[in-house]
Amino acid sequence: LESTGAPQDLAGRSVVVSAGGTREPLDPVRFLGNRSSGKQGYAVARVAAARGAVVRLVSANADLPAPDGVQVTPVETALELQQAMTEAAAGADVVVMAAAVADFRPAVYQDAKIKKSHEPGAEQAPVVELVRNPDILAGLVRDRGEGDRPVIVGFAAETGDATGDVLSLARAKLARKGCDLLVANEVGRSLAFGQDENTVHLLRPDREEARTVGPADKEVVAAALWDEVVNLLATPPT
Ligand code: CTP
Ligand code: CA
């Protein structure tokens, strides 16, 4: 699949990309979810394929067409995403976690649709108990052990808060996750989710300064990500 103009600097590389957002079911008709469209992860997969990689895209509930030449594995929940990523990561050169993973899921799944009471005066609302989902990215880093493959890339959507600005929160997250590259998105309520342009910071544990890209569209962000990965593949961390 020769693509016009794109450098073939990922030729022969096997890459796995997650995209979209997980949904955690409450009952057969309801779920807890998030606003991730999947556009950024799909752009990451599309650009990798254009640069010659063999691409597997694990797609959580993204309503987008499969990019040319990309094999798509659909998943719904965080636990399904974890299983698909763990299987696909074995033997891959690069893994990119672009999906928004629900941090929590309902503790119990109700097999039948949850109904409200129709008794007069009975207006209590149910309380939904949540449990933590596994950290898929941190697990992939843990499974890699002392080796340096696959190269592992995380994303972080940060707004900045009282404890720190976007860059310092991202630096702390990079250290916590232990991945090789963190792509930190600056987000607000109307920024990034579903938007066509955003500003990102590319952070590496072996580099003090972040590289800032944008405001740029998701293809440009994806290209910058793969530039960093090509560099990481050429010079494995010691
Ligand atoms: N991630 C993951 N598994 C989770 C949560 C997040 O693999 N259970 C991945 C995301 O795909 C992303 C990165 O971790 O690549 C950062 O996600 P983010 O939600 O920003 O990080 P969290 O560790 O969940 O921290 P926060 O409390 O800020 O949400
Ligand atoms: Ca989270």
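Structure notes:
- Counted residues, the range 102-116 - those being away from ligand 2 (no atom under 16 Å from the Cβ) and either surrounded by 14 or more Cβ atoms within 10 Å (Cβ to Cβ) or within 26 Å of residue 88 (Cα to Cα) (or both): 2
- Criterion: of a type outside the set (A, V, I, L, M, F, W, C), open to solvent by less than 30 Å² (accessible area, probe 1.4 Å) and either more than 27 Å from residue 38 (Cβ to Cβ) or free of Cβ contacts under 8 Å to residues at least 60 places away in the same chain (or both) - qualifying residue of 119, 146, 158: 158
- Members of the range 109-166 that are of a type in the set (Val, Ile, Thr) and either within 16 Å of ligand 1 (Cβ to nearest atom) or touching a strand residue (DSSP E or B) at 6+ places or on another chain (Cβ under 8 Å) (or both): 114, 128, 131, 136, 141, 151, 152, 153, 159, 163, 166
- Residue check, residue 72 over 16 Å from residue 140 (Cα atoms), open to solvent by 30 Å² or more (accessible area, probe 1.4 Å), outside any loop (DSSP other than H, G, I, E, B) and not polar (S, T, N, Q): yes
- The criterion of at least 3 residues that are buried (at least 23 other Cβ atoms within 10 Å of the Cβ), aliphatic (A, V, I, L, M) and modelled with pLDDT of 95 or more is met by the following strands (runs of 3 or more DSSP E) wholly inside the range 1-63: 14-20, 54-60.
The values are calculated or read from the model by the stated rules, or taken from the named source; none is laboratory data. In this text, all values refer to a predicted model and were calculated from it rather than measured experimentally. Note that we place each Cβ from the backbone using ideal geometry, even for glycine, and neighbour counts take in every protein chain shown. When the accessible area is computed, the model is the full protein with side chains, heavy atoms only, and any ligands, DNA or RNA have been set aside. Shrake-Rupley method; radii C 1.70, N 1.55, O 1.52, S 1.80 Å.
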